[in-house]
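What follows draws every value from the coordinates through simple rules; no lab data is involved. Small disclaimer: the values here were computed from a predicted structure and weren't measured. Neighbour counts are summed over all protein chains in view; Cβ atoms, including those assigned to glycine, are modelled from backbone coordinates with ideal geometry.
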Amino acid sequence: MIKKESKIILQPNTLWEKVKKQTEHALSCGALKSIPTEYKLIKNKDIDFLVRIVTNLGRKDKAKKEQKKLGKDFNPFLPYEEDLFVADISDSHVCLLNKFNVVDYHLLVITREFEEQETLLTLNDFAGLWACLLQVDGLGFYNSGKIAGASQRHKHLQIVPFPLIPELSKTPIDPIIKTVSYQDNMGQLSCFNFSHGIARISSKDNNNILELAHESLEIYSCLLKTLKIIINQEGKPEPYNLLVTKEWMMIIPRSQPKYESISINSLGFAGALLVKNKEQMKTLNSLKPLTILEKVAK
């Protein structure tokens, strides 16, 4: 069934203030459980990888145990926690704070009604994403399925605002992206020795949410086709990660969720990794970030 275009509810130039206000509230009442980390930059080829080291995973581990007790069908987004609610985006999507955030002001763009995380993204999904990206400049991403790093079944895209850290204006891979050569608007990063595709997005001077959503949906479909990502009879594609900024979109097909105990989601392919302890950091330093990415991609 083809869904109708959703109506955008979010008013221009209002989201960032809502994000800051709700973050303050959610921290004060304990709804927001920020995960403390330290970070360092690890250079691998031409990329300065941002590696965060968790200093205390206790909060998230405790929450995971509590969620398991509630059963596999428990859905934290239906209903969502009111204390994490940021804004109504459209009549199909809302914006929430990520309860267990590593990056400040980490946002979730979720469907109001339940949809499987593994289903294809739609025009309304991209409209919801762009409504937020036009107000909060950052990196949008989507983990399509458990193998791609998804932790919840309810469909949700995510946004982490720029800068990720003061030393980086955008993502660690942006300097490499500037050197990409495109043919029919499709290109690849020279240092990524695995299946992936990148395309330019012409969002400059364009604040029309639906136009950007249509363009993004078309690019997304072309990337899936170019990368030969198989879509089954239920409309579920093979696992992949999606990255979106105001300038580009990238898709990476996935083969496994982790390598040598180091889990990778979409952020890893933007050059931002998370390790849980010193042992994982030692492994990462030994193998190098690009090797880890190569092992979990296709």
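Between Asp91 and Lys43, the modelled label-to-label distance comes to 5.5 nm, taking each label 7 Å out from Cα in the direction of the beta carbon.
Our summary gives the stretch 15-296 a relative contact order of 21 percent, counting only alpha carbon pairs under 8 angstrom and 6 or more residues apart. Neighbour counts of other Cβ atoms within 10 Å put Cys29, Cys95, Cys191 in the fewest-to-most order Cys29, Cys191, Cys95. With a threshold of 25 Å on the Cα-Cα distance, the over-threshold entries among Lys45/Lys146; Lys20/Lys278; Lys45/Lys178; Lys20/Lys236; Lys33/Lys298; Lys246/Lys295 are Lys45/Lys146; Lys20/Lys278; Lys20/Lys236; Lys33/Lys298; Lys246/Lys295.
Sorted fewest first by neighbouring Cβ atoms within 10 angstrom, Thr14, Thr283 come out as Thr14, Thr283. Annotation: the residues Trp130, Trp248, Trp16, sorted from fewest to most other C-beta atoms within 10 Å of their own C-beta, follow the order Trp16, Trp248, Trp130.
The mean sequence separation of alpha-carbon pairs under 8 Å and at least six residues apart, normalised by the residue count of the stretch 181-245, gives a relative contact order of 23 percent.
A DSSP coil position with no more than 15 other Cβ atoms inside 10 Å describes the following chymotrypsin sites (Phe, Trp or Tyr not before Pro) in the stretch 180-219: Tyr182.
Suppose only helical runs count, i.e. DSSP H with n ≥ 4. What mean residue ellipticity at 222 nm does that imply for the chain under -39500 (n - 2.57) per run, divided by all residues and rounded to the nearest 500 deg cm²/dmol?
The per-residue figure over the chain is -8500 deg cm²/dmol.
Ile251 sits among other residues whose Cβ lies under 12 Å from its own Cβ, and their net charge, with Lys and Arg +1 and Asp and Glu -1, is +3.
Would you work out if the stretch 15-296 is rounded, prolate or oblate? Take a ≥ b ≥ c from the square roots of the eigenvalues of the alpha-carbon gyration tensor; rounded if a/c is under 1.5, else prolate when a/b is larger than b/c, oblate otherwise.
rounded
Stretched out straight at 0.36 nm per residue, the stretch from Leu210 to Ile231 would grow longer than its current Cα-Cα span by 5.0 nm.
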